[in-house]
1. How far is helix 50-59 tilted off the main Cα axis of the chain, in degrees rounded to 10, range 0 to 90?
2. Using the Cα atoms of the chain, I'd like the radius of gyration and the largest Cα-Cα distance, Dmax, both in angstrom.
3. Using alpha carbons only, how many degrees (0 to 90, rounded to 10) separate the axis of helix 18-33 from the longest principal axis of the chain?
4. Leaving out ligands, DNA and RNA, what percent of the accessible area of the chain is carbon and sulfur, probe 1.4 Å?
5. Can you tell me the dipole magnitude for the chain around its Cα centre, using point charges on the Cβ only (Lys, Arg +1; Asp, Glu -1), in Debye to the nearest 20?
6. Can you list the lysines whose alpha carbon is less than 19 Å from that of K49, not counting same-chain residues fewer than 8 positions off?
7. Once you have the Cα-Cα distance between I6 and M48, take 0.36 nm times their residue separation minus that, and quote the gain in nm to one decimal.
8. For K12, which lysines qualify as cross-link partners when the Cα separation must be under 19 Å and same-chain residues fewer than eight apart are set aside?
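The values are calculated or read from the model by the stated rules, or taken from the named source; none is laboratory data. Computed from a predicted structure; not experimentally measured. Here the Cβ positions follow ideal geometry from the backbone for every residue, glycine too, while neighbour counts run over all protein chains shown. Note: areas computed on protein heavy atoms with side chains; ligands, DNA, RNA excluded. Shrake-Rupley method; radii C 1.70, N 1.55, O 1.52, S 1.80 Å.
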Amino acid sequence: MRIEEILSKALKQVNNDRYILSLAVGQRADELSKGAKPLIDGEQTKNMKYTDIAIKEIASGLLIIDC
C-alpha cells in the first residue's frame with residue numbers, strides 16, 4: 001500500500017485533523033523508540049522508521065485516538 005493511502009486512512013481515524021494525527025504519531029513513535037512493541041506484524045517492521053510504524057498502526061485501527 002502506498003504512503004498516501006495509509007495517511008488517508010490514518011486521517012479518517014482522527015476525523016481528518018492533521019494536528020491530532022501528528023501528535024499521536026509523535027507520541028507513539030516516542031513510545032516505540034523507548035522499547036514498546038509494535039502492534040503490527042514484526043516481520044514488516046524490521047526496516048521501518050518509528051513514525052511509519054505509528055502511522056500504520058493508526059491507519060489499521062490498532063490504536064484508537066480520542067478526538
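1. Result, in degrees: 50.
2. Considering the chain through its Cα atoms, Rg and Dmax are 11.0, 31 Å.
3. Between the helix axis and the principal axis of the chain, the angle is about 10 degrees.
4. 50
5. The calculation lands at about 80 debye.
6. Answer for K49, where 19 Å is the Cα cut-off: K9, K34, K37, listed by chain and number.
7. So the chain would gain 13.7 nm between I6 and M48.
8. List returned: K56.
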